[in-house]
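Chemist: Sharing a structure with you now.
The values are calculated or read from the model by the stated rules, or taken from the named source; none is laboratory data. Computed from a prediction, not measured in an experiment: that's the story for all the values here. Every residue, glycine among them, receives a Cβ derived from its backbone with ideal geometry; neighbour counts consider all protein chains shown. Calculation scope for accessible area: heavy atoms of the full protein, side chains included, ligands and nucleic acids excluded. Shrake-Rupley method; radii C 1.70, N 1.55, O 1.52, S 1.80 Å.
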Amino acid sequence: MKTKHSILAVFCLLLALVLFSSCARNKDSYTLQPQAYNQLPLGSIKPAGWLRQMLVAQRDGATGHLDELYPLVMGKRNGWLGGDGDQWERGPYWIDGLLPLAYTLGDSTLIAKVQPWIEWTLASQRDDGYFGPMTDYEYEPGLQRDNCRDWWPKMVMLKVLMQYHSATGDSRVIPFMTRYFHYQLDNLDEYPLDNWSFWARFRGGDNLQTVYWLYNRTHDPKLLELGKKIYAQSEPYTEIFLESDKLTRVGTIHAVNLAQGLKTPVMQWLADPRPEYIQAVKKALADLRDVHGYPTGMFSGDEAIHGNDPTQGVELCTIVELMYTLETMYAITGCSEFAELLEKITYNALPAQIDDDFITRQYFQQVNQISLRQGNRNFDVNHSGTDACFGLQTGYPCCTSNMHQGWPKFTANLWYGTPDGGLAVAQYAPCSVSATVADNEKITVTEHTCYPFGETVRFTVDSLSAPAKFDFALRIPSWSKETAISVNGENICYETDNENMAVLTREWKQNDIVDIAFTPEIRITRWKENARSVERGPLVYALKMESRRTRASNDVDVATIGDWFYEDTSDTPWNYALLQCKESDIPSKYRFMADSALVAGSSPWSFANAPLSIVTDAVRVPSWKEYNGSAGPLPYSIMYGLETSDTTRIELIPYGCTILRITEFPMVGTHSAF
């Protein structure tokens, strides 16, 4: 009898241990919040139409050839190839854009160019887990050769490895990152994030992202401990956004740090799902829009945040980093506000700041930009007066290195998988996607569209291994009030959820077709000094200004800025004011035109091929003059007694097609006091 009781006791103990272990595993698997959407493996989405042409321009331009165009930094001497040259962020910056471009295009030449950087990085890891350059060198013009042990550039390379694993599944990446994060956990108390430079403290959210990415694959509890430590040592963005006035004043924070730091509260929300983290980010974006914001969706930063005068600068690094932050936050939260802002920035600010050949770019762009000559402007930082000029290295070469991630990462975030085995369309652009849905059925969908220049999108199910029931979710932009959706030619009734997603649930089969038609209308929005801007759908429109380009030489700080750049000037009048009209009269006062051939063309972002335009009446304002190379202060709208010329007709084209432009216009009409 005693033996039976002993056996029963042992059995109960073992059963309890099994149940406890199972519960612990189940609890551990939910330690991080599940994301709203799952990113598809890199290379699953293939660009088509104009989007493919943008990526091909990168392949043939600076992204595919930066080691030849900028050999001082990206050549064999780079520290991330084992050399004694640049040891810091610029090499990893380039690869952070080159790698997703290579695998998105499936380009073997670009993949071969990426691989030595990957191999050297993986081989550099020491027994204690540290990786990357180890030796600081004395100063050499044009190079960053110190602070090689800084945490910050490793954060960039960790993002590279995260993407590399997504594209290839290379089995070396997971143990490599595990060893490094254990090293980081062991050393952060002695060498905190800001030990070598302040950049890592402001950009700790990027570090946190890669830690939690790895945790979702290994469930290593040390990674949660590390995540807490990284968040504690990072800039306290949640408190700053919710409790301080830092974002409602000028000059308080570097704009690129802010663009990256915005993701930090959302990353923390994964481990600590309190609503204030998401609320903090939404409040920050609202404050930036109100105090520093522009019609393009961007906020000023030249280099610090600098108010909303339309002649302040916007740094290219800020644009691509904010895009990546918004992509990251949308995938985690499903918040439509993040997706809409991403669309506006991508389809307006990004194409305007890089030339059609993807070789030269501006360090700072201006929303009202009437001349691009060398000379200091009212920027927070000036670099020999070249910051607004197009060039390979003008202003500062961080953007030369970092601009490459914009379009490739945007492409990788056009579509997502849903947690229940469906597909979600986050952004609209011509492409195709291959994925698995439902019970592991393989599907390929082609997205036929000229969006954002066209207003219709057709999805065709080109292949599906077997009929399958799953959700097909479509993001409906808030500006499209009467969006129509049809399946196989039949209009359907649909509802959107709280995040503007229309979810179509049915059994899908090969050759199914989904059509969606948006309804953009011309909108007039208000900005600095009550100035007005013209928008339609996702696009912002700006004054069409012919430009004349000349090549100029530079002999100051050549290693950093380069020995040449372009200057762009125009004889086109620019000091126009729009005419006040009722909202109901906008369709008759602003005439929209589309050139169907250019809309369907492969290069719609160029000035010469701008496919859309809006024509309206305006008057010149003689007192609004150029000041210090920029448009002078905006006349207040609506000003009593403002002198104007006779009415004339002006043409507006998409902002992203412009080089020189006016985007924020004064308005004339009836003074508010009468």
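Chemist: As an exercise, identify the trypsin sites (Lys or Arg not before Pro) in the range 63-153 lying in DSSP coil whose Cβ has no more than 12 other Cβ atoms within 10 Å.
Modeler: Working: sites: 76, 77, 90, 113, 126, 145, 149; in loops: 76, 77, 126, 145, 149.
Listed in order of number, the matching sites are 76, 126.
Chemist: Could you list the square roots of 5 times each eigenvalue of the Cα gyration tensor of the range 327-404, that is, the equivalent ellipsoid semi-axes, sorted largest first and rounded to whole Å? Don't skip to the end; give the middle numbers.
Modeler: Values: eigenvalues 153, 37, 29 Å².
Value: 28, 14, 12 Å, ordered largest first.
Chemist: A further question on this structure: Which whole-number percentage describes the relative contact order of the range 582-674, with Cα contacts under 8 Å and a sequence gap of 6 or more?
Modeler: It comes to 29 percent, rounded to a whole number.
Chemist: Once the convex hull of the alpha carbons of the range 241-357 is built, what does its volume come to per residue, in cubic angstrom?
Modeler: Spelled out: Cα convex hull of the range 241-357, divided by residues, is 95 Å³.
Chemist: With a cap of 15 neighbouring Cβ atoms within 10 Å, and only residues DSSP puts in a loop, list the trypsin sites (Lys or Arg not before Pro) found in the range 432-502.
Modeler: 481
Chemist: Then there's this: Hey, rough spin-label estimate for residue 109 and residue 33, points 7 angstrom out along Cα→Cβ, what's it come to in nanometres?
Modeler: Taking the two extended label points, one gets 4.5 nm.
Chemist: How fast does the range 225-284 diffuse by Stokes-Einstein, in µm²/s, taking the Kirkwood radius from C-alpha pairs at 4 °C and 1.567 mPa s? Before the final figure, lay out each step's value.
Modeler: Details: Rh = 11.9 Å.
The estimated diffusion coefficient comes to 109 µm²/s.
Chemist: Considering every pair of different Cα atoms, what Kirkwood radius, in Å, is found for the range 408-566? Please report the intermediate quantities before stating the final value.
Modeler: Numbers: mean 1/r = 0.0534 Å⁻¹.
Taking every pair of different Cα atoms in the range 408-566, averaging 1/r and inverting gives 18.7 Å.
Chemist: With charges only on Cβ, +1 for K and R and -1 for D and E, what is the dipole size of the range 538-674 about its Cα centre, in debye, rounded to 20? Mind dumping the intermediate values first?
Modeler: On the way: 11 positive and 16 negative charges, 77 e Å.
Charge dipole of the range 538-674: 360 debye, to the nearest 20.
Chemist: Restrict the search to the range 184-276; then list the trypsin sites (Lys or Arg not before Pro) that DSSP places in a loop and that have at most 16 other Cβ atoms within 10 Å of their Cβ.
Modeler: Details: sites: 201, 203, 217, 222, 228, 229, 246, 249, 263; in loops: 203, 249, 263.
Taking the range 184-276 and a limit of 16 other Cβ atoms within 10 Å, the loop trypsin sites (Lys or Arg not before Pro) found are 249.
Chemist: Could I ask something else about it? Using unit Cβ charges (K, R positive; D, E negative) and no other charged atoms, how large, in debye to the nearest 20, is the dipole of the range 336-476 about its Cα centre?
Modeler: 300 debye
Chemist: How many times 2.2 N^0.38 Å is the alpha carbon radius of gyration of the range 539-657?
Modeler: 1.34
Chemist: I've got another one for you. Counting only C-alpha contacts under 8 Å and six or more residues apart, can you give the relative contact order of the chain as a whole percent?
Modeler: 13 percent
Chemist: Quick one: pull the percentage of alpha-carbon pairs in the range 31-87 with a separation above 12 Å.
Modeler: Of all Cα-Cα pairs in the range 31-87, 76 percent lie more than 12 Å apart.
Chemist: By average Cβ neighbour count within 10 Å, what is the ranking of 419-427, 401-409, 328-336 from highest down?
Modeler: 401-409, 328-336, 419-427
Chemist: Roughly how big is the chain's charge dipole about its Cα centre, with Cβ charges of +1 (Lys, Arg) and -1 (Asp, Glu), in debye to the nearest 20?
Modeler: 1140 debye
Chemist: On to the next question. Find how much the distance from residue 636 to residue 465 grows on full extension, using 0.36 nm per residue of separation minus their present alpha carbon separation; answer in nm with one decimal.
Modeler: So the extension gain works out to 55.4 nm.
Chemist: Oh, and also: Which listed residue (636, 401, 122) has the Cα farthest towards the positive end of the charge dipole for the chain, taking +1 on Lys and Arg C-beta and -1 on Asp and Glu C-beta about the Cα centre?
Modeler: The residue sitting most towards the positive pole is 122.
Chemist: For residue 189, what accessible surface area do you get with a 1.4 Å probe? Give it in Å², rounded to 10.
Modeler: Around 120 Å² of this residue is reachable by solvent.
Chemist: A follow-up question, please. Please work out the Cα convex hull volume for the range 276-432 and give it in Å³ per residue.
Modeler: Considering the Cα atoms of the range 276-432, their hull volume per residue is 115 Å³.
Chemist: Only bridges with both residues in the chain count here: give the DSSP antiparallel percent, nearest 5.
Modeler: Percent antiparallel among DSSP bridges in the chain is about 95.
Chemist: Note down the net charge around residue 55, summing +1 for each Lys or Arg and -1 for each Asp or Glu among other residues with Cβ under 14 Å from its Cβ.
Modeler: 0
Chemist: Mind scanning 409/442; 344/409; 46/481; 263/481; 222/409 and naming the pairs with a C-alpha gap bigger than 19 Å? Write out the running numbers ahead of the final one.
Modeler: Details: 409/442 23 Å; 344/409 15 Å; 46/481 30 Å; 263/481 30 Å; 222/409 29 Å.
409/442; 46/481; 263/481; 222/409, as the Cα separations exceed 19 Å there.
Chemist: Convex hull over the Cα atoms of the chain, averaged projected area in nm²? List each step's numbers first, then the result.
Modeler: Numbers: hull surface 140.7 nm².
Spelled out: convex hull of the Cα atoms, projected over all directions, averaged, 35.2 nm².
Chemist: Restricting to Cα pairs below 8 Å that are 6+ residues apart, what does the relative contact order work out to for the range 503-635? Please round to a whole percent. Mind dumping the intermediate values first?
Modeler: On the way: 141 pairs, mean separation 23.9, N = 133.
Worked out over the range 503-635, it gives 18 percent.
Chemist: Continuing with this model, one more query. So, with a 1.4 angstrom probe, what is the percent of accessible area on the chain that is carbon and sulfur?
Modeler: Answer for the chain is 50 percent, counting heavy atoms of protein chains only.
Chemist: Let me ask another. Using θ = phi - 60° and the Karplus relation 6.51 cos²θ - 1.76 cosθ + 1.60, list the HN-Hα couplings for the range 371-376 in order, rounded to whole Hz, with x at every Gly or Pro.
Modeler: 7, 10, 10, 4, x, 5
Chemist: Further, regarding this structure: Considering only the other residues whose Cβ falls under 12 Å of the Cβ of residue 377, what net charge follows from Lys and Arg at +1 and Asp and Glu at -1?
Modeler: Net charge in that neighbourhood comes out at -4.
Chemist: Quick check: net charge around residue 88, other residues with Cβ under 9 Å of its Cβ, Lys/Arg +1 and Asp/Glu -1?
Modeler: Working: positive: 90, 145; negative: 86, 89, 146, 150.
Overall, the nearby charge balance is -2.
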